[in-house]
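*Asks:* One structure coming up, written as structure tokens, with questions to follow.
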Amino acid sequence: MIHATTVAIETAVGPRAVLLRGPSGSGKSDLGLRLIDAGGRLVADDQSELQRRGALIIVRSPPTIVGLIEVRGLGIMRVEALAEAPLALITDLMPAETIERLPEQAKERLLGLDLPRIAVAPFEASAAAKVALAVRAVAGPGLPTLTD
């Protein structure tokens, strides 16, 4: 179990999940909602279960919160959710002034596998587009990748 919101983004190889990590109030659900509005699918809000299956990490929601997302100012809302998705990217939510303009490629080891990791300022207008682009870059053939 990890404290993160997870949204699946459609890629050339099918839906791939991004973990949105940050402290309480950092914008996980807000950025998740914008990704969903742009065509992503909620996997889990606030708490995400991780399970290794061979060379993949699969993310799903704890059963008690499937399909629920906190929308500040509206409360807990129900949205159509994806049962599970393979994890493609870890995204740490950070203040804009702490993010490097041209960062070195970063990886993080989860459940024995190395996954790409990026930092995003969640309240920037381009945050959802940046995250979706990064997920597609690490998951899909024919696109530049974060590891090139």
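Every number in this text was worked out from the coordinates using simple rules, so none of it is lab data. The structure presented is a predicted model; accordingly, all values stated were derived computationally and were not measured. Virtual Cβ from ideal backbone geometry, glycine too; neighbours counted across all protein chains shown.
*Asks:* Assuming R0 = 25 Å, can you tell me the calculated FRET efficiency for the pair Gln105 and Asp37, based on Cβ-Cβ distance, to the nearest 0.05?
*Replies:* Working: r = 29 Å, r/R0 = 1.14.
Efficiency computed from Cβ-Cβ geometry: 0.30.
*Asks:* How high is the FRET efficiency from Gln51 to Ile76, r the C-beta distance, R0 22 Å, rounded to 0.05?
*Replies:* Numbers: r = 25 Å, r/R0 = 1.14.
Approximately 0.30, to the nearest 0.05.
*Asks:* Per residue of the chain, what 222 nm ellipticity follows from adding -39500 (n - 2.57) for every DSSP H run with n ≥ 4, rounded to the nearest 500?
*Replies:* On the way: 2 runs with 23 residues, N = 148.
For the chain, the value works out to -5000 deg cm²/dmol.
*Asks:* Among Val66, Gln105, Leu20, which residue has its Cα furthest toward the positive end of the charge dipole of the chain, with +1 on Lys/Arg Cβ and -1 on Asp/Glu Cβ?
*Replies:* Farthest towards the positive end: Val66.
*Asks:* Give the range of the longest stretch in the chain that excludes all trypsin sites (Lys or Arg not before Pro) found in loop regions by DSSP and having at most 13 other beta-carbon atoms within 10 Å.
*Replies:* On the way: sites that count: Arg72, Arg101.
Here the longest segment lacking exposed loop sites spans 1-71.
*Asks:* Can you tell me the length gained on complete extension of the stretch Ala96 to Ser126, counting 0.36 nm per residue apart and subtracting the Cα distance? Kindly include the intermediate steps, with their values, before the conclusion.
*Replies:* Working: separation 30, 0.36 × 30 = 10.80 nm, distance 1.18 nm.
Net length gain for the segment: 9.6 nm.
*Asks:* With viscosity set to 0.890 mPa s and temperature to 25 °C, compute the Stokes-Einstein D of the chain, Rh being the Kirkwood radius across alpha carbon pairs; µm²/s, no decimals.
*Replies:* Numbers: Rh = 15.1 Å.
The diffusion coefficient I find is 162 µm²/s.
*Asks:* Loop-only GluC sites (Glu not before Pro) in the stretch 66-148, please: DSSP not H, G, I, E or B, and at most 11 other Cβ atoms within 10 Å.
*Replies:* Details: sites: Glu70, Glu80, Glu84, Glu97, Glu100, Glu104, Glu108, Glu124; in loops: Glu80, Glu100, Glu104, Glu124.
When the GluC sites (Glu not before Pro) of the stretch 66-148 are filtered for loop state and at most 11 Cβ neighbours within 10 Å, Glu80, Glu100, Glu104 remain.
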